[in-house]
Amino acid sequence: MILNAFSVLTASQNGNGLWRHPDDERHRFNELSWWLDYARLVEDAGFTSLMFADSFGTGDVSDALDRAQIEEGAYFPATDPFVYVPAIAAATSRLSFIATASTSFENPYSLARRIGSLDHLSGGRFGWNVVTSFVPAMGRAYGTPLLPHAQRYARAEEFLQACYLLWEGSWQDDAYEVTGTDRLVDPDRVHEVAHSGEFFTTSGRFTVSPSPQRTPLLVQAGHSAQGTSFAARHAEVVLVTGTPVQAAAYIAEVRRLAAEAGRDPSLLRFLVPVVIVTGSDEEDAARRVAEYRALWSRRAAAAVMALFTGYDLRPDADDSAFSYARTDRHQSAARELAAAGEKELSRQEAYEAATAFPGTHVFISGGPRTVTDRLEAWVDEAGVDGFNLMDLVSPADMRRFVRWVVPELERRDAIHPPTAGRTIRETYLGAGHSRLSADHPGARLRPGTNDRTREGRA
C-alpha cells in the first residue's frame, strides 16, 4: 500500500474554516522549518512521497465568493512548491516529492530544465503532477488567455512531446565521460533536437545532463474523456475519485486505453485522495469529528466549489432545479455534484450538498482498526495501489494518523517504507524502473530509437 501525503502551500487546503481549530498550524505554510518537520514526520512513518498541488487565484465566479475565499484562506494565498522541494529533499533521504506545474502557462524548455535540475538535486526523488489548469484568473495573471478544455489537452500533449525530446532525445547515456579521456563531455553524443508545433518551438542541445530518471515520474488526475485518454498515454501514477465501484471502472478504462496505446497497463499505479480523522479509539475519533463539524465553514466550501467548478452556489438559492452545465473547469467535480443524491436536486439542495462537512473527498473516520479496514477494502474493491492523505487540521491529523493507524498498517504488513537510494519511479513501480519503460511514448524519442528523435513530432 502506497502512502502519499498530499498538500498545498496555502493556509487552508481542505479544512474549510478549520484554521480556527486550536491545533491547526497551516498559517505557518510559508515557513520552511514547518515543512521540514512535516516531511520528517511522514518519512519516518514510511510514506512514499509528499505531493504538492498548487493554486493560482480566486474562483472569479462572483465578488462575494472571491471575498469569502480570501477571508477564509481557502487556496489563497499560495506559495510556489518548486522553491521548497530542494530544501526539503536535502533534509530527507527516503521520502520522494511530487510538484505541480501547468502545461497551460509554463514553457517546455524552462520547465524541463527546472525539473531536470530538481531530479539531480534530489537523487531521482522527483515527480511531476501534470495539470492543464482551469481557473480564468490564472490566465489573466500570466497574460495568456485560458484555452477551452479540449485545446488545453492538445497543448499538454505537445508540451510533453517537447519535454520528452529534451529529457530523452538530446543526451546519450555515455556522453558525460568525466574520467579516462581528455574531455569531460563528448559533443558527438549530445545531440541537437528540434520541436516545432502548434503551440511550441524549441531547438538546440539540452543544457541539463541526464538526471537519475531523465524524465520525472509522471502523475496525472484528469477524469474527463480527454483527461482519461491523456493519463492512459502518459501517466505512471493516476489519481482517482468517486466510490470504490466508480474508481474500479475508471481504473479498468485507463488500463484498457493504456494497452491500446502500446503500454504495459500493469506499470500504472492508482491513488485515491482521502481525508482521515482518527484517534486512539472510535470515541476519540468521533469527538474529533464533532469538533471539526462545529467549526466547518459552508461559506468557504462554496467558494472552493466555485473555484473548481465555476458554479455559483448560495445559501439563499431558490428551489429551481440544479443541473449539470458543461464547464471548462473541473468537469468531473461538476458532474458528481449534479448527480448527487437519488433525486433531482434543487439549487438550495445543491448548495447544501456541495458545502456539507467533510467536503467532497473520500472521508474515513474511526479508530485504528476501522480506518485500516476501510483502506484495505478500497484496495480490494477498487484495485487502487494507495492513498493521497489530506489533512483537515494540519499537522494534527497527520500526527494522529501516524500515531494510531500506521502501527496497525505495519502489524498487517500493509505498508513497506521506501529504501534510501532509490528513485521515486523505482519506489512506485519496483526495482529496475528508474527510467521510463521502453513502451512509454517518451522513451520512443531516445537517440537511435526511431526517425522522430531529431524532429520531436509525434
- In nm, spacing of pseudo-spin labels at residue 201 and residue 256 (7 Å Cα→C-beta vector): 4.2 nm
- Euclidean distance between Cα centres, the stretch 160-238 to the stretch 51-89, Å: 29 Å
- Query: Scanning the chain for helices, which whole DSSP H stretches are 15 Å or more long along the axis (Cα) and average 0.0 or more by Kyte-Doolittle?
  - Reply: 244-260, 298-309
- Task: Please give the per residue accessible area of the chain, computed with a probe of 1.4 Å over protein heavy atoms only, in Å².
- Result: 40 Å²
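Using only DSSP helix segments of four residues or longer, with each worth -39500 (n - 2.57), what per-residue ellipticity at 222 nm results for the chain after dividing by its residue count and rounding to 500? Can you show the working numbers first?
Details: 16 runs with 171 residues, N = 458.
Theoretical 222 nm ellipticity from helices: -11000 deg cm²/dmol.
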- Query: Percent of accessible area on the chain owned by carbon and sulfur, 1.4 Å probe?
  - Reply: 51 percent
- Message: Sort 56, 387 by heavy-atom solvent-accessible area, probe 1.4 angstrom, most to least.
- Response: 56, 387
- Item | Interchain or long-range residues, amide H under 5 Å from residue 239's placed H | 220, 221, 271
- Task: Report which label in (i) 24.0; (ii) 22.0; (iii) 18.9 holds the value of mean projected area of the Cα convex hull in nm² derived from the coordinates of this structure.
- Result: (ii)
- Query: Where the centre of each part is set by its Cα atoms, how far does the stretch 14-39 sit from the stretch 267-313, in angstrom?
  - Reply: 15 Å
- Query: What percent antiparallel are the DSSP beta bridges of the chain, to the nearest 5?
  - Reply: 15 percent
- Item | Shape category assigned to the stretch 380-419 from the gyration tensor of Cα positions, a/c cut at 1.5 | oblate
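The values are calculated or read from the model by the stated rules, or taken from the named source; none is laboratory data. Just so we're clear, the structure is a prediction, and the values are computed from it rather than from any experiment. All Cβ positions, glycine included, derive from the backbone under ideal geometry; neighbour counts span all protein chains shown. These accessible areas exclude ligands, DNA and RNA; they are computed on the full protein's heavy atoms, side chains included. Shrake-Rupley method; radii C 1.70, N 1.55, O 1.52, S 1.80 Å.
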